[in-house]
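Bear in mind that the values in this text are calculations on the coordinates, not laboratory data. Note that the structure is a prediction, hence the values are computed from the model and not measured. Backbone-built Cβ (ideal geometry, glycine too); neighbour counts: all protein chains shown.
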Amino acid sequence: MDNMRRKELIRAAKEATPRQGIFAVRCGVTGTVWVAKCTDLDKRKAGLWFQLGMGGFPGKSLQAAFSAHGEAAFAFVELEEVRDENELLLPQLLKEREGHWRKELDAEALV
């Protein structure tokens, strides 16, 4: 890859807008579901799994289940990507959609 192409790719990555949305974590052993909103769906799973693996996640029920059953028992599921042309409305929209999915799936809050 030439230097110009490399610089283009780096610039594009810096300018890319993260995908915001709602996700669920499902425990295959207990059937428990946790739902939350996030501002970067593409990176959230890695960060969440790292925290859970280290035993430092602040959500007590999810941390307890993860510690008891292990990573293999859990699935990270993207439920919905949330977009709006008005960036100022996104936090409220994310909150509303999180509430919808928690109710729809009879899920717990992640934290």
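Run lengths n ≥ 4 of DSSP H only: what is the helix-derived mean residue ellipticity at 222 nm for the chain, with -39500 (n - 2.57) per run over all residues, to the nearest 500?
Roughly -15000 deg cm²/dmol at 222 nm, from the helical runs in the chain.
Longer than 32 Å from Cα to Cα, which of LYS14/LYS103; LYS7/LYS60; LYS14/LYS95 are they? Say none if no pair is.
Beyond 32 Å between Cα atoms: LYS14/LYS103; LYS7/LYS60.
Going by a ≥ b ≥ c, the root eigenvalues of the Cα gyration tensor, does the chain fall in the rounded group (a/c under 1.5), the prolate group (a/b larger than b/c) or the oblate group? Present the calculation step by step, with values, prior to reporting the outcome.
Numbers: a/c = 2.84, a/b = 1.46, b/c = 1.95.
Oblate, because a/c is 1.5 or more while a/b does not exceed b/c.
Cross-link partners among aspartates and glutamates for LYS37, C-alpha distance below 16 Å, same-chain residues fewer than 8 apart left out?
Qualifying aspartates and glutamates at Cα under 16 Å: GLU78, GLU80, GLU81, ASP84, GLU87, GLU96, GLU98, GLU104, ASP106, GLU108.
Which far-off residues, 5 or more places away or on another chain, put their amide H under 5 Å from the one on PHE74, with H placed in the peptide plane?
The answer is GLY28.
Determine the sum of side-chain charges near PRO18: Lys and Arg each +1, Asp and Glu each -1, restricted to other residues whose C-beta is under 9 angstrom from that of PRO18. List each step's numbers first, then the result.
On the way: positive: ARG19, LYS43; negative: ASP40, ASP42.
Taking every other residue near PRO18 into account, the sum is 0.
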